[in-house]
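Structure, as structure tokens:
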Amino acid sequence: MDNYFTRNQTELVATAVTIALFIILKLILTKVVKKTGESSKFIEIRTKLVNKYVTIILYIIAIGILTFIWGVNFKEIGLLFSSIFAVIGIALFAQWSILSNLTAGVILFFAFPFKIGDKVRILDNDINSETIYLIEDIKAFHVSLRKESGELLVYPNSLMMQKAVALIN
């Protein structure tokens, strides 16, 4: 056992540093997302959802770094990952709009100038652009907009980023 620690001392230290940095970075990014959510007055569920996305990305990066540190044979892993990504790529190509809405949801979390309770008008030719909507909820894939008549419009996040949206005071 002592031989193992002596032989792999560099890798073990690098692993410990990577794990420590991962934990510190996760704590910092969690606080940043939480402060952004509080300052923008987003609901807590939305903040937790974005935190989950950030954590998943950090895990993927940490696993990649640890794989590099321990010198795993990239030809074998490359074959495994290329097969997995081919299947995922085909699935995502078939469902690209879901991925674009999810990505737009994260971007809207940090850059959306409107919040729940604001009144907006969407300048879109496909819907009546003179209608005023109340932002009722902002989810990972869509924004729930309520007409003054009570009708609910579920509008995809990707379209919220593509179309002009006017804030009504």
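The values are calculated or read from the model by the stated rules, or taken from the named source; none is laboratory data. This structure is a prediction, so every number in the text was calculated from the model and none was measured. Using ideal geometry, Cβ is built from the backbone for each residue, glycine included, and neighbour counts are taken over all protein chains shown. Just the protein is used for accessible areas: all its heavy atoms, side chains included, with ligands, DNA and RNA removed. Shrake-Rupley method; radii C 1.70, N 1.55, O 1.52, S 1.80 Å.
Counting only residues that are of a type in the set (Gly, Ala, Ser), part of a helix (DSSP H, G or I) and more than 22 Å from residue 10 (Cβ to Cβ), segment 23-82 holds 4 of them.
If I ask for residues that are among the charged types (D, E, K, R) and open to solvent by less than 50 Å² (accessible area, probe 1.4 Å), which ones from segment 112-165 would you list?
Start the filter on segment 112-165 by keeping residues that are among the charged types (D, E, K, R), which leaves 115, 118-119, 121, 124, 126, 130, 136-137, 139, 146-148, 151, 163.
Hits for segment 112-165 are 118, 124, 137.
Within segment 138-156, the residues that satisfy the criterion of being closer than 23 Å to residue 98 by Cβ and either in a loop (DSSP other than H, G, I, E, B) or at pLDDT 85 or above (or both) are 139, 140, 141, 142, 143, 144, 145, 152, 153, 154, 155, 156. Whether a residue is small (Gly, Ala, Ser), modelled with pLDDT of 80 or more and surrounded by fewer than 12 Cβ atoms within 10 Å (Cβ to Cβ) was assessed, and residue 89 does not pass this test.
The set of residues from segment 5-19 being assigned to a helix (DSSP H, G or I) and open to solvent by less than 90 Å² (accessible area, probe 1.4 Å) comprises 11, 12, 13, 14, 15, 16, 17, 18, 19.
Against the definition (under 23 Å from the mean Cα position of the chain (by Cα) and either within 23 Å of residue 23 (Cβ to Cβ) or at pLDDT below 80 (or both)), how does residue 73 come out, yes or no? Taking the combined requirement at face value, the residue does not satisfy it. Of all residues in segment 20-49, which are at pLDDT below 85, open to solvent by less than 80 Å² (accessible area, probe 1.4 Å) and charged (D, E, K, R)? Matches in segment 20-49: 46 only.
Cβ-Cβ distances below 8 Å connect the following pairs, each with a first residue in segment 131-151 that is aromatic (Phe, Trp, Tyr), a second residue that is surrounded by fewer than 14 Cβ atoms within 10 Å (Cβ to Cβ), and a separation of six or more residues or different chains: 133/147.
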